[in-house]
Amino acid sequence: VVSTQSTGKGMCITRPDKKNGLTWPTNILQVLAIFVLVAFTVVHFVLVIQYTYGAFFYLIMITSSIFCAATVISKTICTLSDPADRSLIKDSKSTYGQEKPTFDRAKQGHVITVDSYCQICTTTVDVSSRHCSQCNKCILRFDHHCDYINNCVGRRNYKYYISLLVCASTYSLIVIANILYILYHFCFKEAQFFNILGLESPSIFGYEVSSATIISLLVILLVLAVIAFILVSNLCRLHLYLMWHGWTTWDYYCRPKAEREQHSYWKYEAEREGRVEFSITEISSGPTSTTDLELKNHLQRQTV
């Protein structure tokens, strides 16, 4: 629900924040991603896998089922999770779940002050949090807003997002291997292939078709699977690189390079959770970045 609110400076658009990826409005890319995943899975398990035999059949069936299920589960968790900063939920004075002004970068600039106070969510948030204009709330360790799950990716669902990328890449690779295996037999060992399968001719849903039709469909599916594998695996590679350095996607694309190289969320979270020791004096020694100054202020506030 979107409405307008009168302020001293004119009319302001207001709406409640998004709870998760199923909160209206949906995103066309989210719908497209679901359609592609369902269509891809149905075609693979109904059309393609019937032309696999022997031990290879069980190998493909088991592995593709596992990674297909893992992809669906990971995507579902990413979509249904609420990556909001916990301060929004704990602070009764925050606007979490309420109608509030939308974030307009052209008018508001930075909605979170240097003291980590969000002027829209009306609460003090974590140093790593950023306010998402699409979800209209602050996200803990904000990485990016993903249109394909219609939800933000942050600290609370990032591991499931990585799982989604890894499983989807592996699932695509398994499908590619299976299609290449079938195409090889169709093109070079067709007669022997049908004898082993116990078929007189290829068929789709019980209707006999020519081998050329099956080969054409397999080639189309192969091209789509290769495209999906390249896109998802490159995204997976990027995030594994970011995880190694302790950066978010926001850090990688929005922070200056010199500042980014001094920043790592691993260092910040290790101190916050007490797993390693490094003091404020260690942060103060040597050149400091904006992130280090924010961390210093945050730790000082925690000790007050």
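Work the Kirkwood hydrodynamic radius out for the stretch 14-160: mean of 1/r over every pair of different alpha-carbon atoms, inverted, in Å. Don't skip to the end; give the middle numbers.
Values: mean 1/r = 0.0581 Å⁻¹.
Across the stretch 14-160, the inverse of the average 1/r is 17.2 Å.
Long-range amide H contacts for residue 123: which residues qualify at under 5 Å (H placed 1.01 Å from N, peptide plane, sequence gap of 5 or more or a different chain)?
118
Measure off 7 Å from each Cα along the Cα-to-Cβ vector at residue 55 and residue 26, then give the distance between these two points in nanometres to one decimal.
Each label point lies 7 Å from its Cα, and together they span 4.4 nm.
Which order do peptides 121-127, 81-87, 216-222 fall in by mean Cβ count within 10 Å, highest first?
Numbers: 121-127: 20.9, 81-87: 22.7, 216-222: 15.7.
Going by the mean number of other Cβ atoms within 10 Å, highest first, we get 81-87, 121-127, 216-222.
Rg (Å, one decimal) plus Dmax (Å, integer) for the alpha carbons of the stretch 45-90?
When restricted to Cα atoms, the stretch 45-90 yields Rg and Dmax of 18.1, 57 Å.
Please provide three numbers in whole Å: the alpha-carbon extents of the stretch 130-189 along the principal axes, with the largest listed first.
Rounded to whole Å, the extents work out to 59, 19, 10 Å.
So which chymotrypsin sites (Phe, Trp or Tyr not before Pro) in the stretch 202-269 pass both tests, a DSSP loop state and at most 11 other Cβ atoms within 10 Å of the Cβ?
On the way: sites: 205, 207, 229, 241, 244, 247, 250, 252, 253, 265, 266, 268; in loops: 205, 247.
Sparse-neighbourhood loop chymotrypsin sites (Phe, Trp or Tyr not before Pro): 205.
Convert each backbone phi in the stretch 138-146 into a coupling constant with the Karplus relation 6.51 cos²θ - 1.76 cosθ + 1.60 (shift: θ = phi - 60°), then list the ³J(HN,Hα) values in order as whole Hz, x for Gly and Pro.
For the stretch 138-146, the Karplus curve yields 7, 10, 5, 6, 4, 9, 6, 9, 9 Hz.
Laboratory data are not the source of any read-out in this text; all were calculated from the coordinates shown. Since the structure is predicted, the reported quantities are computational estimates derived from the model, not experimental observations. Reconstructed Cβ throughout: ideal geometry from the backbone, glycine too, with neighbour counts over all protein chains shown.
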